[in-house]
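The values are calculated or read from the model by the stated rules, or taken from the named source; none is laboratory data. These numbers were taken from a predicted model, which means no experiment stands behind them. Positions of Cβ are generated from backbone atoms using ideal geometry, with glycine treated the same way; all protein chains shown enter the neighbour counts. To get the accessible areas, we keep the full protein, side chains included, count just its heavy atoms, and leave off ligands, DNA and RNA. Shrake-Rupley method; radii C 1.70, N 1.55, O 1.52, S 1.80 Å.
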Amino acid sequence: MALSFWQRRARAPTLECDAAVVGGGIVGASTAFWLRRQRPGWSVALLDAGLLGAGASGRNAGFLLQGASGCYRDDCEAYGAERAKRLLHFTRANRDLIFAELDGAAFDLRPTGSLTVAGSEAEDDKLRRSAARLRNENVAAEYLAPEALNDRIGGRGFFGGCFVADGAVLDPRALVQHVADRSGATVLAHHAVKRLAAQPGGATVLETPVRDVRAERVALTVNAYLPTLYPDLKRFVRPVRAQMLATAPLPHWLDEPVYSHEGFYYLRQTAGGRVLLGGARHLHERAEVGYSTAPTAALQADLDAYLAEHFPHAGDAPVTERWAGTMGFSPDGLPSIGAVPERPGSYWAAGLTGHGMAYGFHLGRLLAARLAGDAPSAEHDLFSTDRFDDAS
Ligand SMILES: Cc1cc2nc3c(=O)[nH]c(=O)nc-3n(C[C@H](O)[C@H](O)[C@H](O)COP(=O)(O)OP(=O)(O)OC[C@H]3O[C@@H](n4cnc5c(N)ncnc54)[C@H](O)[C@@H]3O)c2cc1C
């Protein structure tokens, strides 16, 4: 939309900064945090089209899992044993960094452990093997047989499961806020970037309806929204929706977050007794694309049915909220860090698929190092876009 003479005059003056981070989710807030840590003298602006956590980071289940998916045996198949091992340890380091660097009380961080549970005999077999492989990696993992598992989680109809002792849960929106607060960056909410304009000398002007921001270097951390700024980058990330519901409080019965049916359902009980349940996307794949945050009756009915079937005592609880969010899916399920076209020294990170909490804080550190002009870290190749060139 073109601005009128009057509207343009009403805009705030251009903000000048050393670095601008566009996208205030977990990756953007973390990038600002690490950038200010690595370059304390730099001025950093963190922009979002809405409030911090407006995207997937403020809409997810808050599972802090480890590994590229919930099943380490699947990761070894998909990425090869060596790469899967490096991804596992990257996500474990992400978890350790969150515990070490941040004040967990600010975002209700709870070291509950986590459970991946099977919806079929075949999945049960994979989880049994996963537990053994994880133990080989010195991860405290335990296979639970069906009866013990169903007793433990008050569930019905699950096959076995894999318990990982150092899994955790958190409030993901509060995490983003806390990381942004700790970063000391200037937070600019409701600053939707419409265009990146190159300046003589290499700086970039980010054009927003509120004001322009001029930065020497830029990080784009808009995840699923990257193709809205750079349509060519849609080969690295596409928008896929996920839906959730929350119930009224129930008496406490469930300690650990439960990830089931190959990760297509996920359920936890909050400290206040509410049940948070998400998933069923695989039953509505063609519909669950795009940027709408509106839940759909058809998918939500499948969530209700799952609750009634597997946790019957919770099935009658009134549902107080239903919502959707948009994830950035990558072609291979792993995040990428790439160079912003024609903006030397500027980078993007996207494609966190359904696992942004597992990667985000640590990935922000890698992205910040690129922006600061430091040599790429030892883990950088895990997320390089070169892997897609190799495949073609
Ligand atoms: C329902 C649901 C449940 C999930 N559960 C889990 C879970 O339990 N554990 C887990 O690890 N992962 C989970 N995920 C995935 C996880 O939420 C994402 O991988 C993660 O939040 C991605 O973080 P991000 O910072 O890359 O992107 P986002 O959080 O999406 O942040 C991108 C930000 O960019 C902003 N933006 C977009 N365009 C512009 C623009 N032009 N200008 C300025 N700002 C812009 C958006 O407003 C948004 O705030 C879930 C996702 C959903 C939707």
_Spacing of the two label points (7 Å from each Cα toward its C-beta) at LEU97 and THR385, in nm_ = 2.1
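Under a point-charge model restricted to the Cβ atoms of Lys and Arg (+1) and Asp and Glu (-1), what is the dipole moment magnitude of region 185-322 relative to its Cα centre, in debye to the nearest 20? Mind showing how you got there, number by number?
Values: 14 positive and 14 negative charges, 156 e Å.
The dipole magnitude comes to about 760 debye.
Give me the percent relative contact order of region 1-142, please, defined on Cα pairs under 8 angstrom at least 6 residues apart.
On the way: 116 pairs, mean separation 24.3, N = 142.
The value is 17 percent.
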_Cα centroid separation - region 357-374 against region 100-133, whole Å_ = 24
*Obtain the nm distance between the two label points defined at ALA106 and ARG235 by a simple spin-label model: each point lies 7 Å from its Cα along the Cα-to-C-beta direction.*
4.0
*Based on Cβ point charges of +1 for Lys and Arg and -1 for Asp and Glu, what charge dipole magnitude is obtained for the chain about its Cα centre, in debye rounded to the nearest 20?*
1280
*Provide the per residue accessible area, probe 1.4 Å, for the chain, rounded to a whole number of square angstrom.*
42
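What is the antiparallel percent of DSSP beta bridges lying wholly in the chain, to the nearest 5? Could the numbers behind the result be given before it?
Details: 45 of 65 bridges.
Here the share of antiparallel DSSP bridges comes out near 70 percent.
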_Pairwise centroid distance, computed over Cα atoms, of region 330-346 with region 243-277, Å_ = 34
*Average Cα contact separation per residue, the chain, under 8 Å, 6 or more apart, as relative contact order %*: 23
*Straight distance only, please: which lysines reach the Cα of LYS126 with their own Cα at less than 29 Å, same-chain residues fewer than 8 apart left out?*
LYS85
*Whenever you get a sec, compute what percent of the accessible area on region 113-180 sits on carbon and sulfur atoms (1.4 Å probe).*
45
*Only Lys, Arg, Asp and Glu count, each charged at its Cβ (+1, +1, -1, -1), so figure out the dipole size of region 1-91 about its Cα centre, rounded to 20 debye.*
300
*the chain: angle of helix 121-136 to the longest principal axis, Cα-based, in degrees nearest 10*: 70
*Report ³J(HN,Hα) in whole Hz for each residue of region 108-118, in order, from the Karplus equation J = 6.51 cos²θ - 1.76 cosθ + 1.60 where θ = phi - 60°; Gly and Pro get x.*
6, 6, 10, x, 7, x, 8, 10, 9, 10, 8
*Excluding ligands and nucleic acids, what accessible area in Å² is computed for SER183 using a 1.4 Å probe, to the nearest 10?*
10
*What are the aspartates and glutamates whose alpha-carbon lies under 19 Å from the alpha-carbon of LYS234, with same-chain residues fewer than 8 places away excluded?*
GLU285, GLU288, ASP332, GLU342, ASP386, ASP389, ASP390
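With r defined as the distance between the Cβ atoms of ARG286 and ALA339 and R0 fixed at 30 Å, what FRET efficiency is calculated, to the nearest 0.05? Write down the numbers at each step before the final one.
Values: r = 33 Å, r/R0 = 1.10.
Between ARG286 and ALA339 the formula returns 0.35.
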*Over region 1-65, calculate the relative contact order: mean separation of alpha carbon pairs under 8 Å at least 6 apart, over the residue count, as a percent.*
34
*Be a star and scan region 209-251 for residues whose amide nitrogen sits under 17 Å from the point 7 Å along the Cα-to-Cβ vector of ARG8.*
209-213
*How far, in degrees from 0 to 90, does helix 172-183 lean away from the longest principal axis of the Cα atoms of the chain, to the nearest 10?*
40
*For region 45-189, with the dipole built from +1 on Lys and Arg beta-carbon atoms and -1 on Asp and Glu ones, taken about the Cα centre, which of SER120, VAL164, GLY67 lies farthest toward the positive end?*
GLY67
